[in-house]
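Visitor: Sharing a structure, written as structure tokens. Questions coming.
The values are calculated or read from the model by the stated rules, or taken from the named source; none is laboratory data. Worth saying up front: this structure is predicted, and the values here are computed from it rather than measured. Every residue, glycine among them, receives a Cβ derived from its backbone with ideal geometry; neighbour counts consider all protein chains shown. Ligands, DNA and RNA are excluded from the accessible area calculation, which covers all protein heavy atoms including side chains. Shrake-Rupley method; radii C 1.70, N 1.55, O 1.52, S 1.80 Å.
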Amino acid sequence: MENEVLKAIKERRSIRRFKPEQITDEELKTVLEAGTWAPTGKSTQAPFIVAVQNKEQRDMLAELNGEIMGVTSDPYYGAPTLVLVFAPADNSNNIKDGSLILGNMMLAAHSIGLASCWINRVDKMAERENIQALMKEWGLPEGLMGVGSLALGYASAHPHTVKPRKEDYFRIIK
């Protein structure tokens, strides 16, 4: 069986080389809106999505992420847009809900010709005072934890190989 959604799922790849050109507002809003349609536990819509295109903030976030990772390179691979997802720390579905949002946005990005890559360590970043101050500046409430983030932009290179799916990945029990 095949359709456009299944095709996008099979074709989407994590891209780690981005062009410096910024994506359009329409493309960004399309990706962000796709995130808002992800299911959330009890339909709370508790997470928050923040897209950062401000170069100073983007570079500061990348530097901090690299510091936490223990590298001096850009963990966001030069992507011009960063998308961060936060969720209430006291929400029992915080990581699950935020992960579904990030997944929706990666598929949406691919479906409109954008590249993305999930980037970790936003949980550790959100614990830092300077990021908490930035989150306040962004209008976010207190008590949030970082779930994950995306590097988002136009690909400058695509992977040439696709790792085959392992044969015993799923079971069908009847």
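Visitor: How high is the relative contact order of the chain, given as a whole-number percent (alpha carbon pairs under 8 Å, six or more residues apart)?
Guide: Working: 286 pairs, mean separation 57.0, N = 174.
Reported relative contact order: 33 percent.
Visitor: Let me ask you something else. Given a 10 angstrom Cα cut-off, can you work out which residue in 164, 141, 39 is the most mobile in a GNM of the chain?
Guide: 164
Visitor: A follow-up question, please. Whose amide H sits under 5 Å from the amide H of residue 81, counting only residues 5 or more places off or on another chain, with H placed in the peptide plane?
Guide: Answer set, sorted by chain and number: 152.
Visitor: Would you mind calculating the gained length between residue 1 and residue 172 on full extension (0.36 nm times residue separation, minus the Cα-Cα distance), in nm to one decimal?
Guide: Values: separation 171, 0.36 × 171 = 61.56 nm, distance 1.73 nm.
Gain on stretching residue 1 to residue 172: 59.8 nm.
Visitor: What does the convex hull of the alpha-carbon atoms of the chain project to on average, in nm²? Each step should come with its number before you reach the end.
Guide: Values: hull surface 49.1 nm².
For the chain, averaging the hull's shadow over all directions gives 12.3 nm².
Visitor: Right, here's the next one. Tell me the net charge near residue 47. Cut-off is 12 Å between Cβ atoms, residue 47 excluded, with +1 for each Lys or Arg and -1 for each Asp or Glu.
Guide: Values: positive: 96; negative: 97.
Computed value for this residue: 0.
Visitor: Continuing with this model, one more query. Give me the percent of the accessible area of the chain that comes from carbon and sulfur atoms, probe 1.4 Å, all protein chains in place.
Guide: On the way: 5760 of 10870 Å².
Roughly 53 percent, rounded to a whole number.
Visitor: Can you give me the accessible area per residue for the range 20-101, using a 1.4 Å probe, in Å²?
Guide: Working: 4460 Å² over 82 residues.
The answer is 54 Å² per residue.
Visitor: Can you pull the accessible area of residue 102 for me, 1.4 Å probe, Å² to the nearest 10?
Guide: Approximately 0 Å² for this residue.
Visitor: Let me have the 222 nm mean residue ellipticity of the chain computed from DSSP H runs of 4+ only, each contributing -39500 (n - 2.57), with the sum over all residues rounded to the nearest 500.
Guide: Details: 6 runs with 66 residues, N = 174.
Calculated mean residue ellipticity at 222 nm is -11500 deg cm²/dmol.
Visitor: Whole Å is fine, so just give me how far the alpha carbon centre of the range 34-111 lies from that of the range 112-170.
Guide: Each part reduced to its Cα centre gives a spacing of 4 Å.
Visitor: Considering the Cα trace of the range 118-162, what is its radius of gyration and what is Dmax, both in angstroms?
Guide: Values for the range 118-162 (Cα only, Rg and Dmax): 14.7, 43 Å.
Visitor: How many lysine pairs in the chain, separated by 8 or more positions in sequence or lying on different chains, have Cα atoms less than 20 Å apart?
Guide: Lysine pairs, 8 or more places apart or on different chains, close enough: 11.
Visitor: Further question: Which of the GluC sites (Glu not before Pro) found in the range 137-174 are in a DSSP loop and have at most 14 neighbouring Cβ atoms, other than their own, within 10 Å?
Guide: Details: sites: 137, 142, 167; in loops: 142, 167.
Counting only loop positions with at most 14 other Cβ atoms within 10 Å, the GluC sites (Glu not before Pro) in the range 137-174 are 142, 167.
Visitor: Additional query: What Kirkwood hydrodynamic radius, in Å, does the range 68-164 give when the mean of 1/r is taken over all pairs of distinct Cα atoms and then inverted? Kindly include the intermediate steps, with their values, before the conclusion.
Guide: On the way: mean 1/r = 0.0683 Å⁻¹.
Value: 14.7 Å, from the Cα pair sum.
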